[in-house]
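Student: Dumping the structure here so I can ask a few things about it.
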Amino acid sequence: MAERGGGALVFIASVNALAHYGNPAYSVAKAGLLALAKSIAVERGGQGVRANVVCPGSVRTRAWDHRFERSPDLLARLTPLYPLGRLVTPEEIARTVLFLASDAASGITGAVIPVDAGLTAGNLPFVRGVLGG
């Protein structure tokens, strides 16, 4: 990319790279992508190479189906943890990647963007239930 005069890399990490949600080995691997993207942004930015990271939260795919079948109340327990009250969709992740890879994001490099329905913004049940806010 540097030899061609530029390009855009978009890595897919996870909210696990930003905070602890279990699975330490997975989290470490995903956090490494943040460091890699920032290194590329700094080292190759002058050559027109951009590198950014998308950190999905829980994405509503078929991978959740067995959990919901096993615990029919899981979705109702899960969604209050997200300020938007829902899981994100694969399409929302794809649109973010498309934006970061496009010329519309030509001034963005070294960024980490959570696409997580607000999960990493804070914990509303904690604010309301513990702090009374």
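The values are calculated or read from the model by the stated rules, or taken from the named source; none is laboratory data. The structure presented is a predicted model; accordingly, all values stated were derived computationally and were not measured. Neighbour counts run over all protein chains shown; Cβ positions are idealised from the backbone, glycine included. We work out accessible area using only protein heavy atoms, side chains counted, and drop any ligands, DNA or RNA first. Shrake-Rupley method; radii C 1.70, N 1.55, O 1.52, S 1.80 Å.
Student: Once phi is turned into θ = phi - 60°, what whole-Hz ³J(HN,Hα) does the Karplus curve with 6.51, -1.76 and 1.60 give for every residue of region 114-128, x standing for Gly and Pro?
Tutor: For region 114-128, the Karplus curve yields x, 10, 9, 6, x, 3, 7, 6, x, 10, 4, x, 5, 4, 6 Hz.
Student: Less than 11 Å Cβ to Cβ from L78, Lys/Arg counted +1 and Asp/Glu -1: what total charge do the surrounding residues give? All intermediate terms of the calculation are to be shown ahead of the outcome.
Tutor: Numbers: positive: R60, R67, R77, R86; negative: D73.
With Lys, Arg at +1 and Asp, Glu at -1, the neighbours total +3.
Student: Further, regarding this structure: What ³J(HN,Hα) values, in whole Hz, does the Karplus curve 6.51 cos²θ - 1.76 cosθ + 1.60 give for region 17-25 when θ = phi - 60°, with x put for Gly and Pro?
Tutor: Along region 17-25, the couplings run 6, 9, 7, 8, 10, x, 6, x, 5 Hz.
Student: Still on this structure: Per residue, how much accessible surface does the chain expose to a 1.4 Å probe? Answer in Å², no decimals. The partial results should precede the final answer.
Tutor: Numbers: 7830 Å² over 133 residues.
Result: 59 Å² of accessible area for each residue.
Student: Nearest 10 degrees, 0 to 90: what angle lies between the long axis of helix 90-101 and the longest principal axis of the chain (Cα atoms)?
Tutor: Its long axis makes an angle of about 20 degrees.
Student: For every helix of n ≥ 4 consecutive DSSP H residues, a contribution of -39,500 (n - 2.57) applies; sum these over the chain, divide by its total residues, and give [θ] at 222 nm rounded to the nearest 500 deg cm²/dmol.
Tutor: Details: 5 runs with 50 residues, N = 133.
It lands at -11000 deg cm²/dmol.
Student: How big is the dipole moment of the chain about its Cα centre under a simple scheme where the beta carbon of each Lys and Arg is +1, that of each Asp and Glu is -1, and everything else is neutral? Debye, nearest 20, please.
Tutor: In total the dipole reaches around 160 debye.
Student: Using a 1.4 angstrom probe on heavy atoms only, work out the carbon and sulfur share of the accessible area of the chain in %.
Tutor: On the way: 4610 of 7830 Å².
Of all accessible area on the chain, carbon and sulfur atoms account for 59 percent.
Student: How fast does the chain diffuse by Stokes-Einstein, in µm²/s, taking the Kirkwood radius from C-alpha pairs at 10 °C and 1.306 mPa s? List each step's numbers first, then the result.
Tutor: Values: Rh = 16.3 Å.
The calculation lands on 98 µm²/s.
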